[in-house]
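Input: a single structure, listed below in structure tokens.
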Amino acid sequence: MQESGGGRQQPRILSAIAVTVGFLLVLLGAAMAQDINQSNVFVGYSFMADNLFSGQHANLSGWDLSAEKKYLPFFGLVGDVSGVYGSKNLPGGTSVCGSAGCLVSSSINQYTFDVGIRGSYATHAVRPFAEAMFGEAHTTENGRGLSNTNNGFDALLGAGIDCRLTRVLGCRATVDYIVTGNFNVRHNSIRTSTGLVFRF
């Protein structure tokens, strides 16, 4: 019994369909990866475990705003601005506490302004990244009889992950190790941030 011409062509047709579908899936994956690997703006909530210049430790919370411009598939330039706030009982001055010393309820503000580079690798739904930035930190500790202000450099090393929600919208979580100070005194802090990413 001879096999019909249509029967001989059927495997070829199925193979062609399979190749076409696979090619389309590859294009779709590349397109989705391109979506998540675009230039972007991030805005979110920030929490910092901060070691203060007064020698105390404080948990601060606030906001974080960053913008990334992609120039290469795996690297982009990034700028970051953040502000965190809180309160802490800090050692007061002799004008308030006398020679015995006491603790004074104080407000704490810290702002950072950084620029640097971010390296990332994007898949169709997530984009892990690492970053290194340098800039300036401004810290104030104010209470009754207490006023400490420090302006100095800061250096930031961090890592995070972006998750795709839509073509232009995503969510982000980051952890950063920050060193702030000057030539005389420095302190180390950990900052975590989470929020929304807008891609363009």
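Could you please let me know if ILE108 is surrounded by 17 or more Cβ atoms within 10 Å (Cβ to Cβ) and either in contact with a Phe, Trp or Tyr (Cβ under 7 Å, 6 or more places away or on another chain) or under 22 Å from HIS57 (Cα atoms) (or both)? Spelling it out, ILE108 is indeed surrounded by 17 or more Cβ atoms within 10 Å (Cβ to Cβ) and either in contact with a Phe, Trp or Tyr (Cβ under 7 Å, 6 or more places away or on another chain) or under 22 Å from HIS57 (Cα atoms) (or both). Selection within the range 77-105: residues that are at pLDDT 95 or above and among the small types (Gly, Ala, Ser). The member of this set that is surrounded by the most Cβ atoms within 10 Å (Cβ to Cβ) is SER82.
Within the range 175-200, the set of residues being surrounded by fewer than 16 Cβ atoms within 10 Å (Cβ to Cβ), touching a residue at least 60 places away in the same chain (Cβ under 8 Å) and among the hydrophobic types (A, V, I, L, M, F, W, C) comprises VAL185, ILE190, LEU196, PHE198, PHE200. A search for C-beta distances below 8 Å between a residue of the range 52-74 that is more than 15 Å from GLU131 (Cα to Cα) and any residue that is part of a loop (DSSP other than H, G, I, E, B) and hydrophobic (A, V, I, L, M, F, W, C), counting only pairs 6+ apart in sequence or on different chains, returns PHE53/VAL185; ALA58/LEU52.
Restricting attention to the range 118-131 and to residues that are loosely packed, with under 15 Cβ neighbours inside 10 Å and without any contact (Cβ under 8 Å) to a residue 60 or more places away in the chain, the residue that is farthest from GLN38 (Cα to Cα) turns out to be ALA130. With the condition kept exactly as written, say whether any residue in the range 152-169 is modelled with pLDDT under 90, in contact with a Cys (Cβ under 9 Å, 6 or more places away or on another chain) and surrounded by 15 or more Cβ atoms within 10 Å (Cβ to Cβ). Within the range 152-169, none of the residues are modelled with pLDDT under 90, in contact with a Cys (Cβ under 9 Å, 6 or more places away or on another chain) and surrounded by 15 or more Cβ atoms within 10 Å (Cβ to Cβ).
The values are calculated or read from the model by the stated rules, or taken from the named source; none is laboratory data. Quick caveat, the model's predicted, so the values are computed rather than measured. Counting neighbours? That spans all protein chains shown, and the Cβs are built from the backbone with ideal geometry, glycine included.
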